[in-house]
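Below you'll find the structure, written out as structure tokens, and then a few comments.
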Amino acid sequence: MKKIAVLGSTGSIGTQTLEVVSAYPGRFEIVSLSAGKNIDLLEKQIRIFRPKVAAVWDEKDAEKLKDRLTGVDVTILSGMDGLIEAACIPEAEIVVTAIVGMIGIRPTIAAIKAKKDIALANKETLVCAGHIIIPLVKQMGVKLLPVDSEHSAIFQCLNGEKENRIHKILLTASGGPFRGRKKEELKDIKPEDALKHPNWSMGAKITIDSSTMVNKGLEVMEAKWLFGVDYDRVQVVIQPKSIIHSMVEFEDGAVIAQLGTPDMKLPIQYALTWPERMEIKGGGRLDFAELTSIAFEKPDMVNFPALALAYEAGKRGGNIPTAFNAANEIAVAEFLGGKIGYLDIYEKISLACEKIDFVKDPDVDEILYTQEAVCRLFD
């Protein structure tokens, strides 16, 4: 029985992870959970999965949870210390890092140092700290298993290809709900419009990021670290139906692709069971007779400039990817709150990458300081 810690258990990836666990009684055991503010759902999860430890961010929420769970054998923790303890619980064999935001960096590093395998769903870990994470993973001898559907697809395409040189990674994108529109048509986009993704069911932040192509830019930066390739070898391809999740072109010109329905449960399950594959319960399967065709397009980097900004930030390196990510987090929150327009998201990202003081090889404190500096920039 594989013992699992889930960080961010009340979010989209976290809840789907627990659905996968529930589908295979006796195969997995949840030993720790963590959440941000949704203590109602966390309470339900604790009662169902009976973890040894659960962590929430706010100390007052932790006290409320303790009162509600009187008589339940669980230790309730709070803050960053609690999050790290949940990640490093001795019983855990693998940690699903499904927290959204830079808050996920420290617990992920702590879990790696505690020699836990990582099922990575927190983009900021590699975008902001890839230069720290990848050497640490190698040093500690743990596995870093991608949960993102695109990176999972690349990981699957590379099975058995360890000695063969990658010519190019072809990272697919749906293009989001506004594919084909011009900037003039994007001026008056409302949050409710941007939250209607054509293929995927995701949390609000990542859905907005998908519509702006920021999400794909972050995935480009992740791919550089996960698969050890230069940015010039990561190419984004629009595949509107989200059937091909990504591809790898090898030195001899052969291209291997991973296909499947747009369902996050498959990459989550694969990360938990790797190198074994198990029949997925409740998931859809491709019907090629119904599919008929798969179309491809080039990404529009003029009307959706986030992708070009991401390549530039990644190539500059240092703390610039952190500035890119931090500015986007602020901008998306303000857009969802009705404080700024849709196109202002790009403006804030561009300004942060331009104005922030460059740090070539930032440590974790400098990464977090960069985040604070971006917040001050927009105060």
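The values are calculated or read from the model by the stated rules, or taken from the named source; none is laboratory data. Remember, predicted model here, so these are calculated numbers, not experimental data. Using ideal geometry, Cβ is built from the backbone for each residue, glycine included, and neighbour counts are taken over all protein chains shown.
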Picked from the stretch 58-94 (must be touching a residue at least 40 places away in the same chain (Cβ under 8 Å) and part of a loop (DSSP other than H, G, I, E, B)), the residue farthest from the chain's Cα centre (by Cα) is Glu91
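Please go through the stretch 281-299 and pick out each residue that is on the phi < 0 side of the Ramachandran plot and either touching a residue at least 40 places away in the same chain (Cβ under 8 Å) or touching a Cys at 6+ places or on another chain (Cβ under 7 Å) (or both).
Residues of the stretch 281-299 on the phi < 0 side of the Ramachandran plot: 281, 283-291, 293-299.
Within the stretch 281-299, Lys281, Leu286, Leu291, Ile294, Ala295, Phe296, Glu297, Lys298, Pro299 qualify.
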Does Val142 satisfy the condition of being in a loop (DSSP other than H, G, I, E, B), under 24 Å from Pro267 (Cα atoms) and not assigned by TED's automatic domain parsing to the domain that holds Pro267?
yes
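Restricting attention to the stretch 327-379, and to residues there that are aromatic (Phe, Trp, Tyr), modelled with pLDDT of 95 or more and more than 13 Å from Pro191 (Cβ to Cβ), which single residue is farthest from the chain's Cα centre (by Cα)?
Going through the stretch 327-379, the residues aromatic (Phe, Trp, Tyr) turn out to be 335, 342, 346, 358, 369, 378.
If we keep only those that are modelled with pLDDT of 95 or more too, we end up with 335, 342, 346, 358, 369.
Then keep just the ones that are more than 13 Å from Pro191 (Cβ to Cβ); that gives 346, 358, 369.
Details: Tyr346: 20, Phe358: 25, Tyr369: 22 Å.
So, considering only residues that are aromatic (Phe, Trp, Tyr), modelled with pLDDT of 95 or more and more than 13 Å from Pro191 (Cβ to Cβ), the one farthest from the chain's Cα centre (by Cα) is Phe358.
Return yes or no: is Ile268 β-branched (Val, Ile, Thr) and either touching a Leu at 6+ places or on another chain (Cβ under 9 Å) or in the same structural domain as Val95 (by TED's automatic domain parsing) (or both)? Don't jump to the end; show me each part of the working.
On the way: β-branched (Val, Ile, Thr): yes; either touching a Leu at 6+ places or on another chain (Cβ under 9 Å) or in the same structural domain as Val95 (by TED's automatic domain parsing) (or both): no.
Against the criterion (β-branched (Val, Ile, Thr) and either touching a Leu at 6+ places or on another chain (Cβ under 9 Å) or in the same structural domain as Val95 (by TED's automatic domain parsing) (or both)), Ile268 does not qualify.
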Within the stretch 370-378, can one find any residue that is of a type outside the set (Gly, Ala, Ser), outside the structural domain of Ala194 (by TED's automatic domain parsing) and assigned to a loop (DSSP other than H, G, I, E, B)?
yes
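Condition test on Asp300, is it more than 22 Å from the chain's Cα centre (by Cα) and surrounded by 17 or more Cβ atoms within 10 Å (Cβ to Cβ)? It would help to see each step written out before you state the result.
Details: more than 22 Å from the chain's Cα centre (by Cα): yes; surrounded by 17 or more Cβ atoms within 10 Å (Cβ to Cβ): yes.
So Asp300 fits the description; yes.
Look at Glu59 and say whether it is surrounded by fewer than 16 Cβ atoms within 10 Å (Cβ to Cβ) and either within 30 Å of Asn325 (Cβ to Cβ) or modelled with pLDDT under 95 (or both).
Working: surrounded by fewer than 16 Cβ atoms within 10 Å (Cβ to Cβ): yes; either within 30 Å of Asn325 (Cβ to Cβ) or modelled with pLDDT under 95 (or both): yes.
In short, yes.
Would you confirm whether any residue within the stretch 339-351 is without any contact (Cβ under 8 Å) to a residue 60 or more places away in the chain and of a type in the set (S, T, N, Q)?
Just the residues of the stretch 339-351 that are without any contact (Cβ under 8 Å) to a residue 60 or more places away in the chain, to begin with: 339-340, 344, 347-348, 350-351.
If we keep only those that are of a type in the set (S, T, N, Q) as well, we get 350.
The answer is yes; a qualifying residue exists.
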Could you identify the single residue in Phe358, Phe324 that is within 25 Å of Lys224 (Cα to Cα), assigned to a helix (DSSP H, G or I) and of a type in the set (Phe, Trp, Tyr)?
Phe324
Restricting to the stretch 244-257, name every residue that is over 19 Å from the mean Cα position of the chain (by Cα) and under 19 Å from Val220 (Cα atoms).
Val248, Glu249, Phe250, Val255, Ile256, Ala257
